[in-house]
Amino acid sequence: MQIDYIIVGHGLASVAVVEHLKKYSKSFLVFSDENPNASSKVAAGLYNPVTGRKMKQTWKATELFPYLEEFYSGLEKSTQGKFLHKKAIYRPFLSLEDQNDWMAKTNRSDHFINATYTVSHFPEYINDEFGGILLNRSGFLDVKEMLECHRSKLISDKQFRNERLDFEKLDIKEDRILYNDIQSKSIIFCDGPLSKNPFFDWLPTAPVKGEILHIKTEKPLPNEVIFNRGVFLVKSPKHDYYRVGATYEWNNLDYEPTEKARKQLTDKLDDLLNIKYEVLEQVAGIRPASKDRRPLIGNHPELKNVFIFNGLGTKGVSLAPFFANEFVESIINLKKLNDEVNINRYYPLYSS
Ligand SMILES: Cc1cc2nc3c(=O)[nH]c(=O)nc-3n(C[C@H](O)[C@H](O)[C@H](O)COP(=O)(O)OP(=O)(O)OC[C@H]3O[C@@H](n4cnc5c(N)ncnc54)[C@H](O)[C@@H]3O)c2cc1C
């Protein structure tokens with residue numbers, strides 16, 4: 001079999017890269033070992049242009065957010081799936097001071113803000129006595145559903161192999177790559193965290209474990225918004241539970257749910273919700289983050305046909321589409337890749 005690209009992994013990164021390769025009619029084959037704890041399978045899929053205690057616009061929000069909605073809507077059409085859920089995020093103010101700080105800022109022309117409230121807006125469900133802020137251009141991607149739809153399409157187009165790619169069997173020559181029965185021009189690693197990739201083990205990664213609870217509330221929460229303060233509550237579109245998350249843990253990088261994370265999440269939930277709930281399940285995953293919190297994208301320092309698209313960290317849903325477009329344009333049209341994401345910033349760390 002002769003192809004243009006071998007793609008390793010099938011998560012948010014791979015889907016975005018593959019879809020942009022298709023635009024240029026490139027041939028490819030995706031290998032994925034289908035780890036049930038893969039970051040993309042565990043993620044709640046929230047996208048939110050304004051984050052943190054200080055409610056700051058996220059990096060490159062004005063470019064990333066319009067692009068992600070266009071990208072995933074297009075993918076829904078081509079896979080006949082439904083996984084993009086555009087929804088306003090409601091973030092209650094923490095205190096009168098928080099409210100005042102925010103009201104002082106709202107005369108700025110910020111198109112991510114839908115409305116601000118100075119009195120409680122959802123008193124039947126949450127503690128929001130100081131009101132809150134409603135954000136635009138936010139929502140969630142049902143990542144698991146998106147991956148299933150995408151995978152089915154790849155299988156029917158004979159572009160998917162449900163197997164782990166064995167690094168040792170790769171034979172990388174200057175003008176081609178050989179792997180079992182396949183001859184490919186190039187290879188792109190979209191293999192997420194902890195994959196022990198020998199080609200890119202010199203990159204400064206900083207994987208972060210995250211845990212999420214699945215809970216059932218005594219009555220359904222309003223469907224038009226996602227509550228988010230300290231924790232987010234995202235309704236599973238197909239099932240009768242909410243995803244609540246997430247925690248951050250830089251040590252103990254395993255897939256085991258912990259008591260510590262459960263307590264952190266339930267403490268925050270108790271602070272936010274004023275209705276009863278029951279914890280149904282707890283899941284853990286590991287985010288592929290980098291030391292400087294920017295994606296790790298680009299070409300191997302010596303092997304001109306070996307590439308990486310990784311390091312999406314906590315924001316895979318919003319980063320993947322925009323940077324996959326930039327990445328694919330850089331390898332096909334030789335356009336310059338954004339310096340902040342290009343792994344050439346770390347070339348001095350590489351020794352052959
Ligand atoms: C608890 C938690 C909550 C999160 N919530 C959000 C959120 O709300 N919003 C958001 O934007 N992001 C969120 N994230 C982050 C997001 O999940 C990641 O940024 C994203 O999933 C990374 O995608 P990826 O494709 O790079 O990696 P992965 O999803 O890890 O995919 C890589 C795939 O490659 C496969 N693979 C690895 N090596 C090989 C090999 N040799 N051969 C074959 N296959 C291989 C793996 O099995 C895996 O399936 C969350 C993450 C966690 C853990």
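Please determine whether any residue of the stretch 80-99 is under 28 Å from Leu154 (Cα atoms), free of Cβ contacts under 8 Å to residues at least 60 places away in the same chain, more than 14 Å from the ligand (Cβ to nearest atom) and in contact with a Lys or Arg (Cβ under 9 Å, 6 or more places away or on another chain).
Yes, the conditions are met somewhere in the stretch 80-99.
Please go through the stretch 79-99 and pick out each residue that is farther than 10 Å from Leu134 by Cα and hydroxyl-bearing (Ser, Thr, Tyr).
Selection gives Thr79, Ser95.
Kindly evaluate Val225 against the criterion of being surrounded by 15 or more Cβ atoms within 10 Å (Cβ to Cβ), in contact (Cβ under 8 Å) with a residue 12 or more places away in the chain, within 30 Å of Ala115 (Cβ to Cβ) and not acidic (Asp, Glu).
So Val225 fits the description; yes.
Which of the residues spanning the stretch 307-331 are out of contact with any helix residue (DSSP H, G or I) (no Cβ under 8 Å at 6 or more places or on another chain) and among the β-branched types (Val, Ile, Thr)?
Thr314, Ile331
Any residue at all in the stretch 30-38 that's away from the ligand (no atom under 16 Å from the Cβ) and surrounded by fewer than 18 Cβ atoms within 10 Å (Cβ to Cβ)?
The answer is no, given that none of the residues of the stretch 30-38 is away from the ligand (no atom under 16 Å from the Cβ) and surrounded by fewer than 18 Cβ atoms within 10 Å (Cβ to Cβ).
Based on this model, can you work out whether Ala261 counts as in a strand (DSSP E or B), within 15 Å of the ligand (Cβ to nearest atom) and more than 30 Å from Asn333 (Cα to Cα)? Before the answer, list the steps.
Working: in a strand (DSSP E or B): no; within 15 Å of the ligand (Cβ to nearest atom): yes; more than 30 Å from Asn333 (Cα to Cα): yes.
When the stated conditions are applied, Ala261 does not pass them.
I'm checking my understanding of the structure. Among residues of the stretch 119-144 that are hydroxyl-bearing (Ser, Thr, Tyr) and over 19 Å from the mean Cα position of the chain (by Cα), which one is surrounded by the most Cβ atoms within 10 Å (Cβ to Cβ)?
Tyr125
Which ones in the stretch 170-207 are in a loop (DSSP other than H, G, I, E, B), closer than 12 Å to Phe307 by Cβ and out of contact with any helix residue (DSSP H, G or I) (no Cβ under 9 Å at 6 or more places or on another chain)?
Correct list: empty.
For every residue, the table says whether it meets (1) part of a helix (DSSP H, G or I); (2) in contact with a strand residue (DSSP E or B) (Cβ under 6 Å, 6 or more places away or on another chain).
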{"site": "Glu69", "(1), (2)": "yes, no"}
{"site": "Gly81", "(1), (2)": "no, no"}
{"site": "Asp98", "(1), (2)": "yes, no"}
{"site": "Thr116", "(1), (2)": "no, yes"}
{"site": "Glu124", "(1), (2)": "no, no"}
{"site": "Phe130", "(1), (2)": "no, no"}
{"site": "His150", "(1), (2)": "yes, no"}
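Val306 - would you say it is within 16 Å of the ligand (Cβ to nearest atom), outside the structural domain of Phe232 (by TED's automatic domain parsing) and crowded, with 22+ Cβ neighbours inside 10 Å?
no
Kindly indicate which of Thr116, Thr62, Thr79 is farther than 30 Å from Asn305 by Cβ and surrounded by 15 or more Cβ atoms within 10 Å (Cβ to Cβ).
The match here is Thr116.
Among the numbered criteria (1) over 19 Å from Pro237 (Cβ atoms); (2) at pLDDT below 95; (3) not β-branched (Val, Ile, Thr), which one does Ser27 miss?
Exception for Ser27: condition (2).
Which pairs do you get when a residue that is away from the ligand (no atom under 11 Å from the Cβ) and among the charged types (D, E, K, R), found in the stretch 177-195, comes within reach of a residue that is at pLDDT below 95 and assigned to a loop (DSSP other than H, G, I, E, B), reach meaning Cβ atoms under 7 angstrom, with the pair 6+ apart or on two chains?
Asp181/Met1
Quick one: in the stretch 265-280, of everything that is surrounded by 15 or more Cβ atoms within 10 Å (Cβ to Cβ) and among the β-branched types (Val, Ile, Thr), which residue is nearest to Lys235 (Cα to Cα)?
Ranking the candidates gives Val279 first.
The values are calculated or read from the model by the stated rules, or taken from the named source; none is laboratory data. In this text the structure is predicted, and so the values were computed from the model without any measurement. Cβ sites come from the backbone with ideal geometry, for glycine too, and all protein chains shown count toward neighbours.
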